[in-house]
Structures are given as C-alpha cells and as structure tokens.
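Asker: Sharing a structure, written as structure tokens. Questions coming.
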Amino acid sequence: MGGKYRITGDAYPRMRRPRHRHRLVLAGIGAVVALSLAGWGTLQLIDVFTGGDKSASAADHKRDCPTAKPSAAPVKALPKPATIKVNVYNATTRSGLAKSAAEELKKRGFTIGEVGNATKAYDKKVPGTGVLLGAPTATNGSFTVLGTQLAGTVQKTDTRKTGEVDLILGAKFKAFSTPQEATAAMASLTKPAPAPSPSC
C-alpha cells in the first residue's frame, strides 16, 4: 500500500481473538454445580449403605411415643382352701391311699368330704397322678387351687350342681407337692400379670 498507509519495517501487528470472559464465568459455575451434585450423590449413597441416622430416628420415635406407666392386669380372686370341699377317692390297688391323702389335704386347710374307693368308671382306670372332677364352675376356681397341691392332674367336669370337687388318685400318685411348692404355685397364680406396653 502506498502513501501514509504504507507499512514499513519487519514487524507486523499480531491478530488476537477477543477474550470471552462470560464463557469462563459459565464454565466456573458449571464446575461448582457438578461438584455439588457429586457430593450430594455421595451422601445419598452413604445413607443407603449405612441405614441413615438411626440414632436420630430412634430418638424421634421415642419422643413421639409416650412412655407407658407400668400397670398390672387384674387377677380373678381364687377361693380359699377352707371353702373347697374335696371328696378323695382311690383308683389304685394300694389300700388306705385315699385316707392318707385326705388327712394331708385337711392339714393344708381343705374341707374334706367323702373318702373311699373310686367308682367303677374310674377304678384302676386313671394312669396319671389323678383326676379332678367337678362342676364347670370349678375349672377356674377350685380346680386351680387344688391343682397347686398335686401336679399333673387331669380336669374333668360333670353335671353336678354342688361346688364340691372329687380328687381321684391315679396309678402315678406318689405324694402331694411340698407346702413350699404349693405356696409358690399359688403365689404365681395370684401375681398380677403385667399389662402390654403400647405400640407406636
């Protein structure tokens, strides 16, 4: 080119592209977002494999569920031995067994009725320790109390209207429970049962 626009010398101006700063800003923001998402994803994976914050959830559950005060379920009152009339019958081949058993029950406070051999329906037909026979109302009362004196008895009911109970001694009868065992068994029956805890 000539004139005043003529280029002289061996140095030429360098041609540079204009810097786009907004692109750099967008790239930085994208990097920050990517790192944040990666960190959040890592935390989610940790919660999946560790079950999350169990202590916090347990504490929240305990706070939401009120503590129940211990209470006891009422227990049905059992009759006293003196109010139970027992007829003692011997269904074994051992003589005098009914008499000795009746004397022992009398010492323990029971009222004794008839004493003798078992009827034909039960004579030599009781393989266990004994049979308790009475009215249906005796199942949750007299049977329970008398059963503490002799473990393994079988309970049966008939059509009688009276409250007396028959104790028919069987082939495996050896002796009554000791007074201590009978007292412990009676105490466990009269002990109030704990009420179930509330579920939240």
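Asker: Counting only protein heavy atoms and using a 1.4 Å probe, what share of the accessible area of the stretch 76-165 belongs to carbon plus sulfur, as a whole percent?
Answerer: It is 54 percent, rounded to a whole number.
Asker: Still on this model: Taking the Cα of THR137, stepping 7 Å toward and past its beta carbon, and measuring to each backbone N in the stretch 76-119: which are under 18 Å?
Answerer: Residues 76-87, 111 fall inside that zone.
Asker: Then there is this: Can you give me the accessible area per residue for the stretch 72-134, using a 1.4 Å probe, in Å²?
Answerer: 58
Asker: What shape does the stretch 78-200 have by the C-alpha gyration tensor, where a ≥ b ≥ c are the square roots of the eigenvalues, rounded means a/c under 1.5, and otherwise prolate means a/b greater than b/c and oblate the rest?
Answerer: It comes out prolate by the Cα gyration axes.
Asker: Along the Cα-to-C-beta direction of LYS191, a point sits 7 Å from the Cα; which residues of the stretch 141-161 have their amide N less than 18 Å from that point?
Answerer: From the stretch 141-161, the list is 145, 148-149.
The values are calculated or read from the model by the stated rules, or taken from the named source; none is laboratory data. All figures in this text were calculated on a predicted structure; none of them were measured in a lab. Note that we place each Cβ from the backbone using ideal geometry, even for glycine, and neighbour counts take in every protein chain shown. What goes into the accessible areas is simple: the full protein's heavy atoms, side chains included, and nothing from ligands, DNA or RNA. Shrake-Rupley method; radii C 1.70, N 1.55, O 1.52, S 1.80 Å.
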